[in-house]
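Read the structure below first, then the notes.
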C-alpha cells in the first residue's frame, strides 16, 4: 500500500466512566446535569466518557460499581455523597473499593477549621476531611476539596461545586485525542435518509454517524451528527451527508462544527 | 413480642434498572430526561429504580449491560436505538442478549405499511419491525410499537414517544410497594443538622433520610427528604425532623408530601 493512501494512525483514546451516586437521581427528585457537563469538559481534556452509572447510597452497590469501572476505563469520575451527613458515604466506599483505611486529611481539616463553629457542627464538618489513605486532593475554591486515588476522581454532587472541581483538573489528567464533531439538520424523515446514511457510515468506519429525528412545527426532521478525531475525514463526511440531503430534495441547515 | 408492637411486615419491593442507550447522551450533546420521568412514573406503578446505566451504541456494551441488569432486577427498561437507521442496534442487541433470533413482527409491519412510501424508504422503516423471537409489543399511539422480552422493556429514546410507551404499560406490570415521601426545607447548613439527622435516621432505619444542601440568595439551606413505604413512619419522622429544625433555631418551610 502506498504511504500516501495509508489510513492515519489511530489516535490514542483516553476513556472514562462516570459514576453518579445518589438516591435523589434514581427517585427522579433531582434531574442530573453533571453527566452532560462532564462529557463536554472531559472531551476538552482529551478524555472520552464510555459509560455512566447511577447508583443509590448503598455501600455494596457503590463499591461494586467503582471496582467494575476502574478496571475497565482509564479514569472514573464520581459525583455525590461527599458532604457531612450520614448519607454521605462515598469516601467510605472508595476506601473499601481500594481496600485501604480512611484517614483524616490535615489539609482538608485546616480548611474546614478556618470557619469557626460549635464543637458538634465542627465534628460533623470534619466528616468531609476523611479520605482514603494515599489519596490526593482535588481543588475546590469555595469549600472542602474532593480527592482522587488511583484513577478514581471523587467530586461533589452539587453542579456548581462539581464544575469547579473538574475545571481545576485542567492539565492534570492524561490527555488523549479530542473528538471533534460536525452536524447538519434536514427536514427529511429518518427513514428517508436511512439507506444512504448506512452507506456513508460504511465509507467512513472510523467516524461515528448518529441520526437524531425530531418533529418541529409539524414537520419531520433529522439531525445528523458526525464525531471522530480525523478532521479531514469529518469534513469529507459532512460533504457526503450534505450532498445526500440535496439529492433527496432536502436542504442542509444549521451546519455546526465542534 | 406483643403483636401490637411488632414491626410492620416489610412491603414487597419491585425493582428496576434503566438502560439508556446512545452516544449522544455520553457525548453531552443530549441531556437525558428519560430517567427522571421513568423514576416518577414507575413509582406510580409500584416499581423502584435501583440502578441506571448509559452505554454507547456498541453491541458488546449493550449486551453486557442488559444481561448484568436483567438477572439482578425485576425489570429492565431501555431507551434509545430503535429507529430505522444503521446506528439503531438495540433490537439486535436484545436478541443477542437473550440468545434468540430477530424476526419481523407482522403487527409492526402492518402499522408501518399504513403510511405509503417509496420502496427504499419502506425498507428502511421495516428495520423497526424487527423484534426478538418471542417478544411482545409495547403500544405506541403515534408510531411503531416498542417491545418486551422476558423482563426487559425496550422503548424509544425520544422523550415524548418514550413517555407514551411507558404510560401504555399502566396496569401491565407486577406491582410492588409505592414509595411515599415527605420533605422539608430549612435555612440551616448541612453540618448544623448532620449530628441530629444521623440520630433520627437511626431511629427510623426503614425510611431513607436524604439531605440536600443548597445556597440561595446568599444563605445556606438544606432540604431533608424522607422516602419509604410506611406512611405513619414517614409522618413521625417528618415530625422529628421539624422539631429538630425548630430546636436548632431554624424554621421548617416548604413541607411537601408525595
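Points worth noting:
- Per residue of B:124-131, other chain Cβ atoms within 10 Å of the residue Cβ number 3 on average.
- When the alpha carbon coordinates of the range B:1-119 are projected onto the principal axes, the ranges are 74, 35, 28 Å, largest first.
- Its Cα gyration tensor gives the range A:180-257 an equivalent ellipsoid. The semi-axes, each the square root of 5 times an eigenvalue, are 20, 13, 11 Å from largest down.
- Pairs of Cα atoms farther than 25 Å apart, the range A:123-231, %: 52
- Neighbour-count ranking [beta-carbon atoms within 10 angstrom, fewest first] of B:206, B:86: B:206, B:86
- FRET efficiency for residue B:114 and residue A:252, using Cβ-Cβ distance with R0 set to 22 Å, rounded to 0.05: 0.15
- Between the C-alpha center of the range A:186-258 and that of the range B:180-258 there is a gap of 50 Å.
- Averaged over peptide A:192-201, the number of partner chain Cβ atoms lying within 10 Å of each residue's Cβ comes to 5.
- Cβ crowding within 10 Å ranks A:85, A:229 as A:229, A:85, fewest other Cβ atoms first.
- Dividing the summed helix terms, -39500 (n - 2.57) for each DSSP H run of n ≥ 4, by the number of residues in chain B produces a 222 nm estimate of -10500 deg cm²/dmol to the nearest 500.
- Between copies, residue A:103 shows label-point distances of 6.3 nm, shortest first, with the point placed 7 angstrom from Cα along Cα to C-beta.
- With a Förster radius of 30 Å applied to the beta-carbon distance between residue A:67 and residue B:220, the computed FRET efficiency rounds to 0.30.
- Gyration tensor verdict on chain B (Cα atoms; rounded if a/c is under 1.5, prolate if a/b is larger than b/c, oblate otherwise): prolate
- Label-point separation, residue B:104 to residue A:123 (7 Å along Cα→Cβ), nm: 7.2
- Residue exposure sequence - B:172, B:41 - by fewest surrounding Cβ within 10 Å: B:172, B:41
- Distance from the axis that maps chain A onto chain B is least for the Cβ of the chain A residue given, with the whole Å value, as A:53, 3.
- Label distances, nm, residue B:59 versus same residue in remaining copies, Cβ-directed 7 Å point: 4.2
- Distances in nm from residue B:172 to the matching label points in the other copies, shortest first (labels 7 Å along Cα to Cβ): 5.0
- The Kirkwood hydrodynamic radius of the protein assembly as shown, based on inverse pair distances between different Cα atoms, is 24.9 Å.
Read-outs throughout are calculated quantities, based only on the coordinates presented, and are distinct from any laboratory measurement. The shown structure was predicted, so the numbers you read here are calculated from the model rather than taken from an experiment. Glycine also receives a Cβ, built like all others from the backbone with ideal geometry; neighbour counts cover every protein chain displayed.
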